[in-house]
Amino acid sequence: MIALNNVDLRLDAESSHYVKNEVVDVVFAKADGQLMSREGPNYYAAGDALVAGSTGDRWSVSRDRFDTKYEPLPPIVHGEDGTYRNKPIPVLAKQMHQAFSIARSAGGDILRGNADDWLMQYAPDDFGIVENSRFQRVYKMVEG
């Protein structure tokens, strides 16, 4: 397994922009805690979003990031538990051809991916990993 450090997909010719299209179920955490995603532990704080994706995957999203990236589906009001859709915000992604690990953010949770999983970069020093079969179902390449 390779440990990735100092990654910036903006400078990587093998990366491309993709947009996610997914409806998810969200519960806002009542207290600090941890959930185990397929890629590793996700620590969260009270108020953060605990997300269940359409493929059964679970992960946490800090409240400030969630508020900019997801919108509620009516009749839910933003900030209430319920069903949300991600906003169509392009992200950088690169398929990795061997097992790898990366910190979610500086000093953050260590995530682990298998060969053919996708390394995601949402912003500088903000990473994720998506299993290949899930990636194929919910992400589409941005044209142009």
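The values are calculated or read from the model by the stated rules, or taken from the named source; none is laboratory data. Because the structure is predicted, anything quoted here is derived from the model rather than measured. All Cβ positions, even for glycine, are placed from backbone atoms using ideal geometry, and neighbour counts span all protein chains on display.
Output the residue which, of all residues in region 86-132 that are free of Cβ contacts under 8 Å to residues at least 24 places away in the same chain and among the polar types (S, T, N, Q), is farthest from Ile2 (Cα to Cα).
Top of the filtered list is Ser105.
Could you grab me the full set of residues in region 60-76 that are part of a strand (DSSP E or B), more than 23 Å from Gly40 (Cα to Cα) and in contact with a Ser or Thr (Cβ under 9 Å, 6 or more places away or on another chain)?
Listed by number, the list holds a single entry, Pro72.
Here's the yes/no breakdown for (1) acidic (Asp, Glu); (2) under 22 Å from Leu35 (Cβ atoms):
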site	(1), (2)
Glu80	yes, yes
His97	no, no
Ile102	no, yes
Leu119	no, yes
Gly128	no, yes
Gln136	no, no
Val142	no, no
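Just checking, does region 43-51 include any residue being crowded, with 16+ Cβ neighbours inside 10 Å, in the same structural domain as Val77 (by TED's automatic domain parsing) and part of a loop (DSSP other than H, G, I, E, B)?
Taking every residue of region 43-51 in turn, at least one turns out to be crowded, with 16+ Cβ neighbours inside 10 Å, in the same structural domain as Val77 (by TED's automatic domain parsing) and part of a loop (DSSP other than H, G, I, E, B).
Quick one: what pairs do we get from region 51-72, first residue more than 16 Å from Ile129 (Cβ to Cβ), second among the aromatic types (Phe, Trp, Tyr), C-beta under 7 Å, 6+ apart or different chains?
Tyr70/Tyr84; Glu71/Tyr84; Pro72/Tyr84
Please work out which residue is surrounded by the most Cβ atoms within 10 Å (Cβ to Cβ), limiting yourself to region 6-37 and to residues that are among the acidic types (Asp, Glu), outside the structural domain of Ala52 (by TED's automatic domain parsing) and over 22 Å from Arg137 (Cβ atoms).
The extreme case among them is Asp12.
Counting only residues that are of a type in the set (Asp, Glu) and at pLDDT below 95, which one in region 23-65 is farthest from Arg85 (Cα to Cα)?
Taking the candidates together, the pick is Glu39.
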